[in-house]
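One structure is given below, encoded as structure tokens.
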């Protein structure tokens, strides 16, 4: 059995004196004062270790959350860019479809404009004041005004102009004095374009 580190004080007759008892109490208190700080320090070490472990786990979780955040942010950015590209593509297609539909309608109106122009160019002089003739001329002006609003212009094709296959269509070629080869001799049907788009080429006779 382990001996008591602090045996009870004893006097000569077996009973401790008051001085011995006080000294004994001081010795025990001193030893206990050394034990308590050691226990407290060990507890602090354990708490610090636990805190380090918890901090490490929290740090790992934080890094994981950051990675998830970056992934979601990257996906959101890609989705946003794809949606913006989709909107731009749809808008471009919408404009192209409208332009194509508009061009088809204008092409269908060109023969009507041709007939009105031919009619106005061959009105007999004695009918120039006729109400019916004036009505036809008014329709021609209104139709041409609509064409101008849609940026429709006539294609130049005068006699002597060089033939351009991009805007002219040669219906006939023939030799002719005074004209060089590939020059326009006569315009048989007017051509029109809307902006840079040819609605109908000018149909012409070309010198050989």
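Scanning the stretch 150-171 turns up no residue that is out of contact with any helix residue (DSSP H, G or I) (no Cβ under 6 Å at 6 or more places or on another chain), more than 30 Å from residue 208 (Cβ to Cβ), modelled with pLDDT of 90 or more and surrounded by fewer than 10 Cβ atoms within 10 Å (Cβ to Cβ). Of everything in the stretch 144-175 that is assigned to a strand (DSSP E or B) and under 41 Å from the mean Cα position of the chain (by Cα), the residue that is nearest to residue 100 (Cα to Cα) is 152. For the stretch 175-197, the tally of residues that are without any contact (Cβ under 8 Å) to a residue 24 or more places away in the chain and farther than 17 Å from residue 165 by Cβ stands at 2. Every listed requirement among (1) over 11 Å from residue 204 (Cα atoms); (2) buried (at least 16 other Cβ atoms within 10 Å of the Cβ); (3) at pLDDT 95 or above is met by residue 179 save one, (3). Put simply, of 141, 99, 104, 118 the only residue that is outside any strand (DSSP E or B), within 39 Å of the chain's Cα centre (by Cα) and exposed (fewer than 13 other Cβ atoms within 10 Å of the Cβ) is 104. Examine the stretch 141-151 for a residue that is touching a strand residue (DSSP E or B) at 6+ places or on another chain (Cβ under 9 Å) and farther than 23 Å from residue 119 by Cα, and state whether such a residue exists. Yes, the stretch 141-151 contains at least one residue that is touching a strand residue (DSSP E or B) at 6+ places or on another chain (Cβ under 9 Å) and farther than 23 Å from residue 119 by Cα. Could you grab me the full set of residues in the stretch 191-208 that are buried (at least 18 other Cβ atoms within 10 Å of the Cβ) and either touching a helix residue (DSSP H, G or I) at 6+ places or on another chain (Cβ under 8 Å) or over 20 Å from residue 117 (Cα atoms) (or both)? If the condition is that a residue be buried (at least 18 other Cβ atoms within 10 Å of the Cβ) and either touching a helix residue (DSSP H, G or I) at 6+ places or on another chain (Cβ under 8 Å) or over 20 Å from residue 117 (Cα atoms) (or both), then 192, 199, 200, 206, 207 are the ones that fit. Among the residues of the stretch 121-138, those identified as touching a helix residue (DSSP H, G or I) at 6+ places or on another chain (Cβ under 7 Å), surrounded by 12 or more Cβ atoms within 10 Å (Cβ to Cβ) and either modelled with pLDDT of 95 or more or not in a loop (DSSP other than H, G, I, E, B) (or both) are 133, 136, 137.
The values are calculated or read from the model by the stated rules, or taken from the named source; none is laboratory data. All of these numbers come straight from a predicted model, not from anything done at the bench. Using ideal geometry, Cβ is built from the backbone for each residue, glycine included, and neighbour counts are taken over all protein chains shown.
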